[in-house]
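Contents: one structure, followed by commentary.
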Amino acid sequence: MSYGVIRGLLVGVAVVFGLALCASLGVRTTGAMRLSSTTARFEKEVGSLSLLDFVKQRIPQERNAVTWIRPGVLAVVLMNNDRAIVGTLATKPTGEWTAKDFADLQPLLERNEPAFTLLRRAQGMPESNWEVPYEQGNEAKLPDLLAAMNAGKLLAARGRAALARGDRETAIASAEILGTMAGSYEQEPAAIILLIGSALERQQLGIVREIVMAPGVEAGELDRLERSLPRGDLDAAFRNALRGASASLIKSIHSEDIGKEFPRLIPRGLVVGLSELLAAQALDESMKLEPSMAGPIKAPLPDAQKAYEDAAGGGWWRKAVAAYGPNIGNGRARGTATLSARMLAQQAIGLRRAALETGRYPAKPGARVDPLSGEPFVYDATADGVARLRSTTTPEILKSIYTMGSPLTEQLYSWTLPPASSRSTTPPLSPAGRKAASS
């Protein structure tokens with residue numbers, strides 16, 4: 001090859017490389033400026049994007065509920081087939097339990113008694129810190145959340161089985177443990193941990209509902225149930241989780257690892273610049289959506305998969321933004337729905353307590369506005385002494401929030417309280433349940 005040809009090739013490569021470098025520098029500069037301005041606006045409108053703000057203050061072990069919850073959930077032993085049994089019985093109404101249900105669950109309860117003992121030790125410890133290193137962003141190691149869900153479902157099944165046998169003490173104790181667990185996870189500022197906390201709270205509320213609606217509940221038991229309900233502001237918690245997810249996104253862009261998965265010929269500055277542009281767009285859109293994330297929710301939520309496909313139809317950029325940005329809209333809706341169920345439980349407990357004190361339900365209790373529907377809960381006391389309390393939200397809205405489906409989706413938003421004069425000490429059982437409970 002002649003010197004002239006080689007010289008021409010080298011000049012061509014130099015020109016192409018120079019153009020790529022200029023493009024890289026241009027994208028890098030544009031991305032940095034765009035992300036900087038968007039970040040400033042986000043911090044003004046939503047809150048700080050410093051990950052250090054999410055690092056929780058340490059709590060002495062003797063005051064930290066996690067000291068007992070962590071080993072408790074890890075001590076739960078469920079085999080593969082056991083999980084299906086527990087998952088079904090955790091939400092099965094007490095009046096529908098069969099002899100087979102009791103038989104299937106009993107060995108699991110006996111095997112996991114040590115876990116229940118550990119979890120019970122956390123009762124009455126309101127302080128909680130899972131010591132997640134939030135300053136590490138997306139690289140932070142999280143607690144074993146699957147273990148938490150397995151433990152929660154087992155406790156819920158334990159509580160329902162106990163109530164079906166007429167053992168209100170064990171049922172209430174199970175609800176108390178679940179309330180402590182839910183409150184612990186709901187104190188963390190990460191969306192995935194909050195989702196576990198709100199799921200545990202719904203499991204707890206399912207048991208509370210069964211106990212409060214059963215004849216024979218006593219005032220002291222109602223007080224225990226009321227104290228066991230979590231008190232955390234789920235709306236504020238999920239709003240903070242949006243900040244945390246956004247802060248983690250920004251940290252990941254500026255980490256040393258970004259760009260390593262791309263070919264070496266692609267300048268790192270180009271990857272960072274594009275990432276900054278994507279992040280800025282994602283933050284901008286989350287700011288637009290943020291005010292509508294909280295309740296009330298007046299229509300079913302859009303299908304997340306369909307929204308992603310619609311974004312993909314808008315081109316590669318829209319698809320990239322949809323995949324890149326923090327997405328906790330559905331999570332925050334679950335927080336609102338869980339808060340709605342909690343408020344229903346609080347009001348139902350108050351109504352039941354009033355009936356025990358006066359012998360009848362109030363004609364017009366103080367109206368509480370449902371954060372899910374934006375309307376007061378519907379209440380009526382019938383001529384036969386029964387009281388009904390429900391949310392005006394629709395099944396379609398609930399199914400769009402809880403996309404995986406669960407009997408709790410319908411159970412938690414409608415309560416029927418027994419006649420005020422009812423003094424039976426055992427809730428109604430199915431014939432099979434009565435046979436199993438007596439054996």
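Miscellaneous remarks
- Neighbours by Cβ (under 9 Å, 6+ apart or cross-chain): first from the stretch 368-382, of a type in the set (A, V, I, L, M); second assigned to a strand (DSSP E or B): Val369/Pro376; Val378/Arg388; Val378/Leu389; Val378/Arg390; Ala381/Ala387; Ala381/Arg388; Ala381/Leu417
- Taken across the stretch 226-240, residues that are without any contact (Cβ under 8 Å) to a residue 40 or more places away in the chain, more than 23 Å from the chain's Cα centre (by Cα), surrounded by fewer than 22 Cβ atoms within 10 Å (Cβ to Cβ) and not in a loop (DSSP other than H, G, I, E, B) do not occur at all.
- Scanning the stretch 107-131 for residues being touching a residue at least 40 places away in the same chain (Cβ under 8 Å), among the charged types (D, E, K, R) and not in a loop (DSSP other than H, G, I, E, B) gives a total of 1.
- Taken over the stretch 60-86, the criterion of being at pLDDT 95 or above and either assigned to a loop (DSSP other than H, G, I, E, B) or touching a strand residue (DSSP E or B) at 6+ places or on another chain (Cβ under 7 Å) (or both) is satisfied by Pro60, Asn64, Ala65, Val76, Val77, Leu78.
- Summed over the stretch 383-407, the residues that are touching a residue at least 24 places away in the same chain (Cβ under 8 Å), assigned to a helix (DSSP H, G or I) and surrounded by fewer than 14 Cβ atoms within 10 Å (Cβ to Cβ) give a count of 1.
Conditions (1) in a helix (DSSP H, G or I); (2) closer than 30 Å to Ser252 by Cβ; (3) among the hydrophobic types (A, V, I, L, M, F, W, C), marked per residue:
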{"site": "Gly137", "(1), (2), (3)": "yes, yes, no"}
{"site": "Leu155", "(1), (2), (3)": "yes, no, yes"}
{"site": "Arg158", "(1), (2), (3)": "yes, no, no"}
{"site": "Ile177", "(1), (2), (3)": "yes, no, yes"}
{"site": "Thr180", "(1), (2), (3)": "yes, no, no"}
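- Within the stretch 50-74, residues that are without any contact (Cβ under 8 Å) to a residue 40 or more places away in the chain have Cβ atoms under 6 Å from residues that are in a helix (DSSP H, G or I) and crowded, with 19+ Cβ neighbours inside 10 Å in these pairs: Gln61/Thr67, counting only partners at least 6 apart in sequence or on another chain.
- Flag if Pro419 is within 28 Å of Arg360 (Cα to Cα) and at pLDDT 90 or above: yes
- The set of residues in the stretch 69-108 that are surrounded by fewer than 16 Cβ atoms within 10 Å (Cβ to Cβ) and closer than 20 Å to Val208 by Cβ comprises Thr88, Gly95, Glu96.
- Qualifying residue in the stretch 240-258 (condition: farther than 27 Å from Ala337 by Cα and acidic (Asp, Glu)): yes
- Every condition in (1) crowded, with 16+ Cβ neighbours inside 10 Å; (2) closer than 30 Å to Leu274 by Cβ; (3) out of contact with any Pro (no Cβ under 7 Å at 6 or more places or on another chain) holds for Phe54 except the one numbered (3).
- For the stretch 340-360, the criterion of being buried (at least 21 other Cβ atoms within 10 Å of the Cβ), in contact (Cβ under 8 Å) with a residue 60 or more places away in the chain, part of a loop (DSSP other than H, G, I, E, B) and in contact with a strand residue (DSSP E or B) (Cβ under 9 Å, 6 or more places away or on another chain) is met by none of the residues.
- Taken together, Thr403, Thr382, Thr409 contain a single residue that is under 17 Å from Glu201 (Cα atoms), modelled with pLDDT under 90 and either β-branched (Val, Ile, Thr) or touching a Lys or Arg at 6+ places or on another chain (Cβ under 7 Å) (or both), which is Thr409.
The values are calculated or read from the model by the stated rules, or taken from the named source; none is laboratory data. The shown structure was predicted, so the numbers you read here are calculated from the model rather than taken from an experiment. Note: ideal-geometry Cβ built from the backbone for every residue, glycine included; neighbour counts use all protein chains shown.
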